Amino acid sequence: MKLIITSLEQGLIFAILGMGVILTFKVLGESDLSVEGTFPFGAFIFAKFVSMGFNPIASTALAFCLGTLAGLMTSTLFIKLKIKPILAGILTMTMLYSINLRINGKANVPLFNYDSVFDSGSTLIILIVLVIAIKLIIDLFLKTETGYLLVATGDNETLVRSLGVNSNKYKVMGFMLANGLIALSGALMSQYQGFADITMGTGVMVVGLASIIIGDTIKKNASWFKNTSRAIVGATIYKIMGGIAIDLGLAPTDLKAISAFIVIAFIAYNNVALDLFGKASKKEGRELNVKGTKPIKEF
Amino acid sequence: MLKVQNLSKSFNVGTENEINLFNRFNLNIEEHKCTAIIGSNGCGKSTLLNMIAGSVPIDSGEIILNGEDISKLKEEERAIHIGRVYQDPSLGVSPALTILENMSLADKKGEKFGLKRLIRKENNEKYEEILKALGLGLENKLNTRVKFLSGGQRQSLSLLMAAMKHPDLLLLDEHTAALDPKTSHVVMRKTKELLSNYKITTIMISHNMKDAIEYSDRIIMLDKGEIALDKRSCDVSEEELLAIYKAKLEEQIA
Ligand SMILES: Nc1ncnc2c1ncn2[C@@H]1O[C@H](COP(=O)(O)OP(=O)(O)O)[C@@H](O)[C@H]1O
Ligand SMILES: [Mg+2]
């Protein structure tokens, strides 16, 4: 039981990361690989502010705000300097590595002595409320005029420009929001585990993708089952499965390989198996058919 | 209405693949008329429209729309005055969104996009009516994603969306070329209806001479960056156009 709750809590923290990853990978259809730098970035920003005496809620909010700058960086690199998005993300991630070490001047900051957002009640309930609130805000946002332009930018930039709108602005916005959420997720994780660490970002990109992929396989064609819900369900299932695997004797360090395997298996199924067996019509077979998005196919 | 003056455009300058497409090219488009542009493959028809719309930069010259030089404006700034339909039926719509969502977006063209809900129930009736006039039964499919529509349906929707806010200028680039002959005919007829209802100034590129003659008011043939023919459509026959083509072809071979 303890195991399930711990996994659920971690899953909810990763659900926020997953919702961020969805904005870039699925809504905009661009690969943002800066995630592994942005996640600890959020943690270190939180550590910095909370250790300066800011209250934990403000410090967490600041992690979100400053996290958006990572998205601004990546999108500027690929829009203004025409660097391929994948490389732009890697460059941002690499820069963030050095920046993260600079923020507090060390690679590991213990946070046990500081307040956290989880102090005010049950961790699980706080996380559930927070995650649902974020989900609802994103869902509502995607229904606004601006939100639809974000979706349309990922779907057909030509159309967006023909509406008299600069589609690049919406790419920047999507990247900023996504990175803000990922930094927020990192800030929460550092409070949950009691420290910020430079290595905490390693592999989170793949965890995020695995979560989305798991979420996508559930009720594939139900359009009422929104992307955001998929990220939440996917991340929690992923973490619970991981928790059970560890309980069965697997080393926690093996989980990263497993998450990579989930991603490989799914994409291979989508790219190779469907063609091999001629399953489903080409038109629909490849589509994850999730509202307003494309399948993850970049890799 | 639209004046293209001294327009020059080359590609791959300084390489062995250098193409000098236009050299001090001039063109005058009349208001409320549909001007068809024909010409052999690669003669620069699409590039001309792209330069007018701003998706391809010009080397020099002026593009004057309603008395204002728009050649320095960005593509999205020009888009407020210019509607486009492309050869590829997916380019004029957002395939992942529904018909209703697509039309609601098109209806806000040129306005500010804020944090209000995009879909407003009170507009549904208006969109249904527009779609009904199209006569393809799309009015019953408002909540269908556009990617599930046929090419002809998509292209008709693109056309509606491009014309919805009555742009000063509509650019059609072989917009029926990717469709089968029957669908192509239907879309052409819809185009004609729409243009005469809204009186939109139009430039239509066509590879089909018959269509060009039938559906336009004026025909311009482009050749090597020059206007090789410029006549009222009613004064021109398919035979005449074909004869010119043939002569040019023979000239090339000789
Ligand atoms: N971006 C580009 N770079 C280099 N050459 C181009 C480019 N766009 C068009 N061209 C060349 O310009 C010529 C005219 O192309 P296009 O305008 O598409 O012709 P059309 O639409 O009349 O068939 C072609 O030879 C084409 O190869
Ligand atoms: Mg062309």
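Other protein chain C-beta atoms within 10 Å of residue C-beta, averaged over B:117-127: 2. Remark: for residue pairs A:K26/B:K116; B:K72/B:K112; B:K3/B:K147; B:K45/B:K231; A:K219/B:K112, the C-alpha separation exceeds 28 Å in B:K3/B:K147; A:K219/B:K112. For the range B:86-169, rounded, prolate or oblate, judged on the Cα gyration tensor with a ≥ b ≥ c (square roots of eigenvalues), a/c < 1.5 rounded, else prolate if a/b > b/c? Verdict is rounded for the range B:86-169.
Spin-label model, B:I119/A:I218: points 7 Å from Cα along the beta carbon direction are separated by 2.3 nm. If you take the Cα centroid of the range B:181-209 and the Cα centroid of the range A:37-60, the two points sit 60 Å apart. Less than 5 angstrom separates the built amide H of B:G135 from none of the residues sequence-distant by 5 or more or on a different chain.
In order along the range B:102-117, the phi-based Karplus estimate (6.51 cos²θ - 1.76 cosθ + 1.60, θ = phi - 60°) of 3J(HN,Hα) comes to 4, 5, 5, 5, 4, 5, 9, 3, x, 9, 7, 9, x, 9, 7, 4 Hz; Gly and Pro are listed as x. Where the alpha-carbon atoms of chain B are placed on the principal axes, they occupy 62, 39, 34 Å, in descending order. Both radii come from the Cα set of the range A:186-227: Rg as radius of gyration, Rh as Kirkwood radius; their ratio Rg/Rh reads 1.17. Under the combined filter of DSSP loop state and at most 13 neighbouring Cβ atoms within 10 Å, the range B:120-157 retains these trypsin sites (Lys or Arg not before Pro): B:R120.
Legend: mean number of C-beta atoms from other chains within 10 angstrom of residue C-beta atoms, peptide B:93-100, equals 6.
The range A:32-133: which chymotrypsin sites (Phe, Trp or Tyr not before Pro) are DSSP loop and have at most 13 other beta-carbon atoms within 10 angstrom? For chymotrypsin sites (Phe, Trp or Tyr not before Pro) across the range A:32-133 that sit outside H, G, I, E and B with at most 13 neighbouring Cβ atoms in 10 Å, the list reads A:F112. Solvent-accessible area assigned to carbon and sulfur over chain A amounts to 68 percent, based on a 1.4 Å probe. Per residue of A:144-154, other chain Cβ atoms within 10 Å of the residue Cβ number 6 on average.
In the context of the full set of protein chains, residues of the range A:2-290 present 41 Å² of accessible surface per residue (probe radius 1.4 Å, heavy atoms only). Mean residue ellipticity at 222 nm from the helices of the protein assembly as shown, using -39,500 (n - 2.57) per DSSP H segment of n ≥ 4 over the full residue count, to the nearest 500 deg cm²/dmol? That calculation yields -17000 deg cm²/dmol at 222 nm. Between the helical axis of B:151-163 and the dominant principal axis of chain B, each derived from Cα atoms, what acute angle in degrees is found, rounded to the nearest 10? The helix B:151-163 is inclined about 90 degrees to chain B. At the residue level, A:S98 shows approximately 70 square angstrom of accessible surface with a 1.4 angstrom probe and all protein chains present. Where both residues lie in chain B, what percent of DSSP beta bridges are antiparallel, nearest 5? For chain B, the DSSP antiparallel bridge percentage is about 55.
Loop-resident GluC sites (Glu not before Pro) (DSSP state other than H, G, I, E or B) in the range B:1-103 with no more than 14 further Cβ atoms inside 10 Å of their Cβ: B:E16, B:E18, B:E30, B:E31. Site pair A:N108 and A:K84 shows an inter-label distance of 3.7 nm when each label is modelled 7 Å from Cα along Cα→Cβ. Counting 0.36 nm for each residue step from B:N66 to B:E31 and taking away their Cα separation leaves a gain of 11.6 nm. Between helix B:238-253 and chain B there is an angle of about 50 degrees, using the helix long axis and the longest principal axis of the Cα atoms. What does the charge add up to near B:E238, with Lys and Arg as +1, Asp and Glu as -1, over the other residues with Cβ less than 13 Å from its Cβ? Local charge sum for B:E238: -2.
In this simple spin-label approximation, B:D59 and B:A228 carry label points 7 Å from Cα along the Cα→Cβ vector, and these lie 2.1 nm apart. Indicate the gyration tensor shape class of the protein assembly as shown (rounded, prolate or oblate), computed on the Cα atoms with a ≥ b ≥ c the square roots of the eigenvalues: a/c under 1.5 is rounded; otherwise a/b larger than b/c is prolate and the rest oblate. It comes out prolate by the Cα gyration axes.
Please report, as a whole percent, how much of the solvent-accessible surface of chain B comes from carbon and sulfur atoms (probe radius 1.4 Å). The computed percentage sits at 48. Oblate is the label for the range A:2-290, because the ratio a/c of its alpha-carbon gyration tensor axes (a ≥ b ≥ c) is 1.5 or higher and a/b is not greater than b/c.
Accessible surface buried at the A:B interface totals approximately 2600 Å², computed with a 1.4 Å probe on protein heavy atoms. Using alpha carbon centroids, what distance separates the range B:1-59 and the range A:218-239, in Å? Cα centroid to Cα centroid, the span is 49 Å.
Taking the range B:210-252 and a reference point 7 angstrom along Cα→Cβ of B:M1, the backbone N atoms nearer than 16 Å belong to B:215-220, B:231-234.
The protection proxy used here, the mean number of other Cβ atoms lying within 10 Å of each residue, ranks peptides B:157-163, B:110-116, B:190-196 as follows, highest first: B:157-163, B:190-196, B:110-116.
A loss of 20 Å² or more of accessible area (1.4 Å probe, protein heavy atoms, ligands and nucleic acids excluded) relative to the isolated chain is seen in these residues of the range B:53-86: B:E75, B:E76, B:A79, B:Y86. Evaluated with a Cβ-only charge set (Lys, Arg +1; Asp, Glu -1), the range A:2-290 carries a dipole of roughly 560 debye about its Cα centre, given to the nearest 20.
Based on protein heavy atoms only, the range B:2-253 ends up with 48 Å² per residue of surface accessible to a 1.4 Å probe.
The values are calculated or read from the model by the stated rules, or taken from the named source; none is laboratory data. Nothing here was measured: the structure is a model prediction, and the numbers come from that model. Because the Cβ atoms are built from the backbone with ideal geometry, glycine has one as well, and the counts that use them run over all protein chains shown. Keep in mind that these areas ignore ligands, DNA and RNA; they rest on the heavy atoms of the full protein, side chains included. Shrake-Rupley method; radii C 1.70, N 1.55, O 1.52, S 1.80 Å.
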